[in-house]
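Heads up: the structure comes next, in structure tokens.
No value in this document is a laboratory result; all are computed from the given coordinates. Quantities reported herein were computed from a predicted structural model and do not represent experimental measurements. Virtual Cβ from ideal backbone geometry, glycine too; neighbours counted across all protein chains shown.
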Amino acid sequence: MSPVIRLSSDVYKRLEQHASGFDTPANVIEKLLNHYEGIKPEQALKLASKRSVKRHTRKYMFNGETYGKGRLVLAVVKAYTTDHPGTSFVELSSVFPKDLQGSSGVFVKQEDALEIFERTGHKRHFIKPDELVQLDKLKVAVSTEWSVENIDRVIERAQSFGYSIKEID
């Protein structure tokens, strides 16, 4: 498991200003370190290719459908809210606490997800109308940012509700 670095929201917002495309906070920090250490972009590419890690592309079976990590979490949250009609934001937050995902949480209010997308240009949540999860009084957007480290926590939580999720080779 990778070490966790906690950043204030102000520092995180500053880091976001240096992100492009699908940069993760770790990628942005690495770019800043490369700049500070005088490593040119072409040198950084050579170093990265030497230590590249295979992407986690496992698939999961849930309710008869096959999903990648992000879509699995979306399906689990939707299943939970279908099985528990009238779920409030507070209730869903206690069922899927922020620390299951890590820094940004499992879901945010729809307007917060749209604001993040407009501000950063990064689609960090499922924000299409059919992807939003309807709660009792508002809609939420589930995070698209899932890794090997955090997907297992959501699977364990889902299994504690009696949901069956199987990893597909």
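A search for C-beta distances below 6 Å between a residue of segment 64-93 that is touching a residue at least 24 places away in the same chain (Cβ under 8 Å) and on the phi > 0 side of the Ramachandran plot and any residue that is outside any helix (DSSP H, G or I) and surrounded by 12 or more Cβ atoms within 10 Å (Cβ to Cβ), counting only pairs 6+ apart in sequence or on different chains, returns G86/D136. On inspection, F96 passes the criterion of being touching a Phe, Trp or Tyr at 6+ places or on another chain (Cβ under 8 Å) and either over 17 Å from Q159 (Cα atoms) or buried (at least 19 other Cβ atoms within 10 Å of the Cβ) (or both).
Among what's in segment 110-161 and is surrounded by 15 or more Cβ atoms within 10 Å (Cβ to Cβ) and part of a strand (DSSP E or B), pick the residue that is nearest to the chain's Cα centre (by Cα). Among them, the one singled out is S143.
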